[in-house]
Amino acid sequence: MDFDFSDDQKQLRDQARKFLAEKCSPKAVRVVLDGKAPYDKELWKGLAEMGFLGVAIPEEFGGAGAGHLELCVIAEEMGRANAPVPFSSTVYLAAEALLIAGSEAQKKKWLPAIASGEAIGTLALFEGKGNPAPKNVKLTAANGVLNGVKKPVADGAIADFAVVAARTGSSGRENDISLFLVDLRDGGVEVKNLTNLDPTRGQAEFTFKDCKAEPLGAAGEGWSILTQVLDRAAVLCAFEQVGGSDRALEMGRDYALDRIAFGRQIGSFQAVKHMLADMYVSATLARSNSYYGAWALSTNAAELPEAAAAARISATQAFQHCAKNNIQVHGGMGFTWEFDCHMYYRRANAMALGLGSLSYWEDQLIDRMRKKNAA
């Protein structure tokens with residue numbers, strides 16, 4: 001079985017890498033990191049013009065209609081560039097939720113707007129500390145209105161709409177959870193910015209007070225839909241993490257070849273060699289698992305739940321490992337604000353929590369493999 005990308009997909013990767021090298025340099029990322037702008041609006045506009053925002057959205061809804069393999073390619077390049085835009089929250093989460101459960105009217109309203117860059121979406125799932133679980137959803141929905149608090153919400157302060165998980169029952173089972181669509185432009189939601197590890201990817205707190213909302217999917221099917229969305233997002237985020245891992249490895253390698261100490265390149269010292277070799281191993285393992293996840297996602301294979309969890313685990317570990325060791329290879333300079341190492345370290349640790357913690361996904365993988373083996 002060949003898990004490699006096709007020539008057309010590799011050409012798309014080259015195109016995306018060239019575009020991001022021109023429009024999303026470390027200097028451009030620092031404009032958002034150091035400034036007051038919540039994201040790079042010009043880059044977001046450019047991504048829409050290139051068709052990258054709608055690459056997996058069907059043509060009938062204004063997208064390119066390419067597919068998830070192409071989206072995986074784009075995701076990897078977004079990770080390499082450390083792009084300061086709401087790509088994952090809008091494309092991996094909000095758009096995928098609409099594709100899975102949206103009505104025809106909901107898809108026609110929001111998917112073309114996502115593809116054109118006119119709308120930013122997000123998923124409001126978490127309510128403070130804790131991993132994804134039906135018991136952790138306290139926000140209530142009754143008579144078409146929502147009441148409660150969601151935090152953190154990725155890119156919430158700049159989002160135009162949100163997919164919101166709400167409690168509609170009290171049986172203590174998964175079918176107590178339903179999903180709702182909220183147009184944030186209509187008011188009814190108090191939005192508060194939160195301080196977070198990676199300022200280039202904002203987090204917010206949503207307070208809903210009798211906020212009008214429309215159902216997304218069937219009542220009581222919210223957790224089932226969310227599980228599918230999170231599995232898809234896990235694979236896509238894994239590719240973004242793989243891209244970041246590779247870039248951190250390249251940064252460490254290049255510095256090790258350029259830095260001279262004791263009359264020789266520091267890359268010639270055995271300890272540095274071992275560090276870079278370990279980074280390469282973890283990044284390559286993550287790529288292998290992510291490719292398997294991409295195959296499962298693109299074919300809607302029965303193995304997707306296990307493949308998504310494996311990709312999420314290995315890519316999270318690889319990105320954190322490579323980002324941390326990149327700083328170590330740079331030595332004292334790696335800890336300074338002037339060097340770019342910390343930008344990937346911030347993103348690696350922020351992404352490690354975005355869909356649930358590493359231990360959560362490890363538990364998911366074990367549970368899913370047990371259920372599969374018992375079947």
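The values are calculated or read from the model by the stated rules, or taken from the named source; none is laboratory data. Computed from a predicted model, the values in this text were never measured in an experiment. Note that each Cβ is placed from the backbone with ideal geometry, even for glycine, and that neighbours are counted across all protein chains shown. What goes into the accessible areas is simple: the full protein's heavy atoms, side chains included, and nothing from ligands, DNA or RNA. Shrake-Rupley method; radii C 1.70, N 1.55, O 1.52, S 1.80 Å.
Some observations on this one:
- Checked against the criterion of being open to solvent by less than 10 Å² (accessible area, probe 1.4 Å), of a type in the set (Gly, Ala, Ser), part of a helix (DSSP H, G or I) and under 21 Å from Ala283 (Cβ atoms), segment 70-83 contains one or more residues that satisfy it.
- Taking segment 164-179 as the range and being open to solvent by 50 Å² or more (accessible area, probe 1.4 Å) and in a loop (DSSP other than H, G, I, E, B) as the test, the residues that pass are Thr168, Ser170, Ser171, Gly172, Arg173.
- Selection status of Glu205, in contact with a Ser or Thr (Cβ under 7 Å, 6 or more places away or on another chain) and closer than 25 Å to Ala37 by Cβ: no
- Any hit, segment 223-231, residues being farther than 26 Å from Val73 by Cα and not basic (Lys, Arg): yes
- In the set (1) polar (S, T, N, Q); (2) over 20 Å from the mean Cα position of the chain (by Cα); (3) surrounded by 22 or more Cβ atoms within 10 Å (Cβ to Cβ), Asn289 fails one condition alone, (2).
- Pairs, first among the β-branched types (Val, Ile, Thr) in segment 321-342, second open to solvent by less than 20 Å² (accessible area, probe 1.4 Å), C-beta under 6 Å, six or more apart: Ile327/Gly334; Ile327/Cys341; Val329/Gly252; Val329/Ala256
- Scanning segment 250-261 for residues that are touching a Leu at 6+ places or on another chain (Cβ under 8 Å) and open to solvent by 10 Å² or more (accessible area, probe 1.4 Å) returns a single hit, Arg253.
- Filter result (over 11 Å from Ser178 (Cβ atoms) and at pLDDT 95 or above) within segment 143-154: Val145, Asn147, Gly148, Val149, Lys150, Lys151, Pro152, Val153, Ala154
- Enumeration of residues in segment 101-112 that are buried (at least 18 other Cβ atoms within 10 Å of the Cβ) and not polar (S, T, N, Q): Ala101, Gly102, Lys107, Trp110, Leu111
- Residues of segment 232-249 that turn out to be more than 20 Å from Arg346 (Cβ to Cβ) and open to solvent by 10 Å² or more (accessible area, probe 1.4 Å), as a count: 1
- Pairing each residue of segment 155-174 that is on the phi > 0 side of the Ramachandran plot with any residue that is outside any loop (DSSP other than H, G, I, E, B) and among the aliphatic types (A, V, I, L, M), provided the two are 6+ apart or on different chains, yields C-beta distances under 8 Å for Asp155/Ala204.
- Residue satisfying all of: in segment 313-350; within 10 Å of Gln241 (Cβ to Cβ) and either touching an Asp or Glu at 6+ places or on another chain (Cβ under 7 Å) or of a type in the set (Val, Ile, Thr) (or both); surrounded by the most Cβ atoms within 10 Å (Cβ to Cβ) among these: Thr316
- The one condition from (1) open to solvent by less than 40 Å² (accessible area, probe 1.4 Å); (2) more than 15 Å from Arg201 (Cβ to Cβ) that Ser88 does not meet is (2).
- Boolean, Cys211 is out of contact with any helix residue (DSSP H, G or I) (no Cβ under 7 Å at 6 or more places or on another chain), under 19 Å from Pro152 (Cβ atoms) and not in a loop (DSSP other than H, G, I, E, B): yes
- Looking only at segment 182-218, and only at residues there that are of a type in the set (Ser, Thr, Tyr) and without any contact (Cβ under 8 Å) to a residue 60 or more places away in the chain, the one that is most open to solvent (accessible area, probe 1.4 Å): Thr195
- Candidate set from segment 121-138 (those that are surrounded by 21 or more Cβ atoms within 10 Å (Cβ to Cβ) and either touching a residue at least 60 places away in the same chain (Cβ under 8 Å) or of a type in the set (Phe, Trp, Tyr) (or both)); member that is farthest from Glu49 (Cα to Cα): Phe126
- Yes/no for Asn131 being within 26 Å of Glu362 (Cα to Cα), in contact with a Phe, Trp or Tyr (Cβ under 7 Å, 6 or more places away or on another chain) and polar (S, T, N, Q): yes
Let's see how each residue does on (1) surrounded by fewer than 20 Cβ atoms within 10 Å (Cβ to Cβ); (2) over 20 Å from Ser89 (Cβ atoms):
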position	(1), (2)
Leu20	no, no
Cys24	no, no
Asp40	no, no
Lys45	yes, no
Glu59	yes, yes
